[in-house]
Structures are given as C-alpha cells and as structure tokens.
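Trainee: Following this message is one structure expressed as structure tokens.
All of the numbers you see were taken from the coordinates with simple rules; none came from a lab. Predicted, not measured: the structure shown is a model, and the values here were computed from it. When we count neighbours, we look across all protein chains shown, and the Cβ atoms used for this are built from the backbone with ideal geometry, even at glycine.
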Amino acid sequence: MHDEPDNSDDRDPHWRAWMIGAQEGDAAAYEKLLREILPRARRQVGARVSDVAAREDIVQNALVSLHRSRHTYRPERPFSPWFHAIVRNAIVDWARARGRIAQREVSIEPESLPAATPESTEARAQEALSPELERALASLPAAQRQAVELIHVEELSVAEAATRAGVSPGALKVRAHRGYRALRALLGRGER
Amino acid sequence: MSTTSAEDRIRDLVADLHPVRRIPPLRVAVAWTVLPWLVVVALEWGLGRARPRALGDPFWSSPFALAILSGLLVVGLGSTAAALASSVPDRARTMRWGLVACAIGAGIALGGALLQLSGALPIADPGWWRGSLGCLGHAFGLGLVSGLVALRFIGTAAMWRPRASSTLAVAGAVALGAGVVHATCRAGETYHQLVAHALAPAIVAALLVIPLGLAMRRLYGARSSD
C-alpha cells in the first residue's frame, strides 16, 4: 500500500468529473470515486496515525464526512485538496476525541471494571462480566446502560454506537461517561 | 474498532446518494453576507435614524477615529471571510488570511482607541457605560441580518468547529455594525469609543460564544466539537 506511487495530480480530473457526477446523483461515478480514493485515504491516515486499530475507523469517518460534505465541493477547484482536508479533519477529530476519552476514562477501565473491557466478541464479553458488574450495569438508567454496552461490550465505534442508539456521537459519549462514573461509584461502594 | 468494512461503508454511502445543491463560491457567499449589512445601513440612513457625520466634522480628520473605523471594517470583512471559509474543507488558506486580516484590523482599531485614550482626561461622567450599552445594541442590530446569513451558510456547508466558526461570524457582523455606529455616534468620550465601538465585536462575541456553539450544534449538528 505504501509503495503505491502518488499520482493524485494525474487522477484529479477523473475524480473531479466523478465528484460532479456524484453531486448530480450519479451513483456509478460516486462508487468509482470512493473506491479509487479509499487507498489514498488509508495512506494519508497511515502516515499520521500510529494506532493501527483506529486507522480504519478514521478512514471510514472520512468517507462519511465526504458524503455529508459533498455539496461543498466546487467544480472549478481541484478535488484532491478538498478530499485531503476532509481526511485531515477526520484525523484531528479522532485525536481530539482520543484525548478527551483518555482524560475521562483511563482510571475506570483497568481498575474498577476489569470485566467491562472484554477482548473481542460480545459472547466473550457476556461470559466475562462479573455478577457484580452485571448488577451495577442493570441499575444504570437505560440510556447510560445502552451507551456503555454498545461501546465496551459490543465494541462498536462511537459513530456506530450513536447510530444504533439514535443519538449524536456527542450525546452518546456523554451518556457513556455518566455511565462509567455511576459504575465506578457503584462498584467502589460494593468494595468498601 | 469499526465492525463495518470499508466496502460495506461505500455500498451504504452509494445507496444513500441523492443530488445535492452546491454551495456558492466563497467570494459570492461573503458578498451575500455583507449585502444585508449595506441594506440595513442604507435603510437606517434613509429613515433618518443614523446619519454619517458631515464631511467637515473633526471626526474625519482624527487619525484615531479613522483608525477605529478602518480597523472595525477590516475586522468585519476578515472575520466574516474566515468564518465562512472555516466551513469549507479546502479553504484553510482563505481562513488563515481572514484571521490575519482580523488580527490586523483589531490591532488598528484597538491601537487607535488606546492611543486616543492615553491623551484623554479622566472619566467625567460615571454613567458613560449606559450610553455604551445603547451603542453595543445598535452595532449588534446593524450586523444581525448579516450574522444570521453567515451562520446559515456555516451550518449548511460543512461545519466543523461550530463554536469557533459562529463566534467569528458574529464578531465579523458586529464589527461591521460597530463601524457604522462609530461613524454616526455623537458621543465623544474616549472610554465610550473604546468599549462600545472598538471592543464591541469582542464583547458581543464573548457573550454569545457558548450559546451560539450550542445552538449551532443543535440546529445543524456537527462532525466535531470544539
């Protein structure tokens, strides 16, 4: 992937034409465009993000952002800078979100909630949940419980969890944060 | 980590595709944002609510007064351009130029006001700030429609930093209004000119920064928070 020559300038006229088609509703042009720019997005993210697990999330968030922002592309301008700005914004968003999450959650996961961070699958997570944690989870308000379960039990990304819960990513993060705080309080009380 | 593959994501996005209306070019958007300010000012003058000073007025020969006026107009245009550019993905360079213009304009306006203040007598009327509230409100009113047009553009383009973009938009609109207020206000106190004219964009923006950010996020959603 990293050995692929960067021929963005050569491809720009095609991308521009496909993007104009996409703005007019041409699905075939849009699909060609997305498939062709996907490796570029991966390369740009790969060059700036060392967290391999997060890269694919960032790339997909960038694609979603491109989709939502497609009306802001102006045909008289080159496509590549517009696209790279969207990917760069997605990287910045991820870095900021990671910083916020680290600030809020770092002390909860390893110490208080050993069973709340299962390694991969939902089934394994269900097996690993301790009865104490299950009771604590059950006592949370439904919205907070759902947020914690979606992110830490089902291991969805924030964006996917937000879509599943039918709320904005920001609202989901707030719910999850309140849920962690409540869980920590509940489990801390149980230990004493 | 995402459980959806990029292939699935592309399929979803293609399935969701529908025609969209492009945003106008940035310079057209800036022109459409500034136009309501010109119309409101023309209406005010036409209705006799506020008239510019006569050409022989000492205001037009005061370097301090002219520095405040020109600085406010530069802040207005620079801040508006930066606000609109901040919502278009590949216009970071325009945004930076807008911010530079905004900083230069603010320096000129505040410099003029502070230099004027340095030679001023102590405040004679302790109630000077009451008149300042009137001028602040007037500047806000003159820029209101322009501010709303800018916020609408920001919200419907690709808003990324709602709080920063909306604050810049409001500061720009109020700066344009404050420029007109400065050219028409008959109050001569230097403190008044500093607080109610030169600092008007900063004061109104500081008061509105949090509610505006929340309102923009609620009205238009946001890909990120700031």
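Trainee: Specify the longest stretch of chain B that does not include any exposed loop site, a site being one of the trypsin sites (Lys or Arg not before Pro) with a non-H, G, I, E, B DSSP assignment and at most 15 other Cβ atoms within 10 Å. Walk me through the numbers on the way to the answer.
Mentor: Details: sites that count: B:R21, B:R22, B:R49, B:R53, B:R186.
With a cap of 15 other Cβ atoms within 10 Å, the longest stretch comes to B:54-185.
Trainee: Within chain B, which DSSP H helices have Cα atoms that stretch 18 Å or more along the helix axis and a mean Kyte-Doolittle hydropathy of at least -0.5?
Mentor: In chain B, the long hydrophobic H runs are B:26-46, B:63-85, B:92-118, B:128-156, B:162-184, B:200-220.
Trainee: log10 I(q)/I(0), Debye, Cα-only region B:24-220, no solvent, q = 0.09, 0.12, 0.14, 0.16 Å⁻¹?
Mentor: Log10 of I(q)/I(0), two decimals: -0.32, -0.56, -0.75, -0.95.
Trainee: Going by average Cβ neighbours within 10 Å, how do the peptides A:154-165, A:60-71 rank, with the highest at the top? Before the final figure, lay out each step's value.
Mentor: Values: A:154-165: 19.2, A:60-71: 21.8.
Ranked from most to least packed, the peptides come out as A:60-71, A:154-165.
Trainee: Roughly how many nanometres apart are two label points built 7 Å out from the Cα toward the Cβ at B:A103 and A:T163?
Mentor: 4.0
Trainee: Turning to a different aspect of this structure: For an R0 of 35 angstrom, estimate the FRET efficiency from the Cβ-Cβ distance between A:E154 and B:A15 and round to the nearest 0.05.
Mentor: E between A:E154 and B:A15, to the nearest 0.05, is 0.90.
Trainee: Assuming R0 = 35 Å, can you tell me the calculated FRET efficiency for the pair B:L219 and B:L117, based on Cβ-Cβ distance, to the nearest 0.05? Spell out each step's value before the answer.
Mentor: On the way: r = 40 Å, r/R0 = 1.13.
Efficiency computed from Cβ-Cβ geometry: 0.30.
Trainee: How large is ³J(HN,Hα) for each residue in region A:57-67, as worked out from phi by the Karplus curve 6.51 cos²θ - 1.76 cosθ + 1.60 (θ = phi - 60°), to whole Hz, x for Gly and Pro?
Mentor: Once rounded to whole Hz, the list reads 4, 5, 4, 5, 4, 5, 5, 5, 4, 4, 4.
Trainee: Oh, and also: With the convex hull built on the Cα atoms of region B:1-124, state its orientation-averaged projected area in nm². Show your work: numbers first, answer last.
Mentor: Details: hull surface 58.5 nm².
Projected over every direction and averaged, the Cα hull of region B:1-124 covers 14.6 nm².
Trainee: I would also like to ask the following. Just how large is the dipole of the protein assembly as shown about the Cα centre, in debye to the nearest 20, putting +1 at every Lys and Arg Cβ and -1 at every Asp and Glu Cβ?
Mentor: Details: 48 positive and 38 negative charges, 253 e Å.
The dipole of the protein assembly as shown has a size of about 1220 debye.
Trainee: Do any chymotrypsin sites (Phe, Trp or Tyr not before Pro) in region A:22-108 lie in a loop, going by DSSP, with at most 14 other beta-carbon atoms within 10 Å of their beta carbon, and if so which?
Mentor: Working: sites: A:Y30, A:Y73, A:F79, A:W82, A:F83, A:W94; in loops: A:Y73.
Nothing satisfies the criteria.
Trainee: Sequence gap at least 6, Cα distance under 8 Å: using those rules, report the relative contact order of chain B to the nearest whole percent. If you can, show how the numbers build up before the last one.
Mentor: Values: 331 pairs, mean separation 56.9, N = 226.
Relative contact order for chain B comes out at 25 percent.
Trainee: Could you give me the ³J(HN,Hα) list for region A:17-32, computed from phi with Karplus coefficients 6.51, -1.76, 1.60 and θ = phi - 60°, whole Hz, x at Gly and Pro?
Mentor: Computed from phi, the couplings for region A:17-32 are 5, 5, 5, 4, x, 4, 5, 8, x, 7, 5, 5, 5, 5, 5, 4 Hz.
Trainee: Another one. Would you calculate the separation in nanometres between label points at B:L148 and B:L35, each defined as 7 Å from the Cα along the Cα-to-beta-carbon direction?
Mentor: For the pair B:L148/B:L35, the computed spacing is 1.6 nm.
Trainee: Using a Förster distance of 35 Å, how high is the FRET efficiency between B:R27 and B:A50, based on the Cβ-Cβ distance and rounded to 0.05? It would help to have the intermediate numbers written out before the result.
Mentor: Values: r = 29 Å, r/R0 = 0.82.
According to the calculation, E is roughly 0.75.
Trainee: Now a separate question. Going by amide H atoms built from the backbone, whose H comes under 5 Å of the H on A:E155, apart from near neighbours?
Mentor: Amide H neighbours of A:E155: none.
Trainee: Continuing with the same structure: Within 10 Å of each Cβ in B:5-16, how many Cβ atoms from other chains are there, averaged over the peptide?
Mentor: Working: counts 2, 10, 3, 1, 9, 9, 2, 4, 12, 11, 2, 5.
Mean shielding by partner chains, rounded to a whole number: 6.
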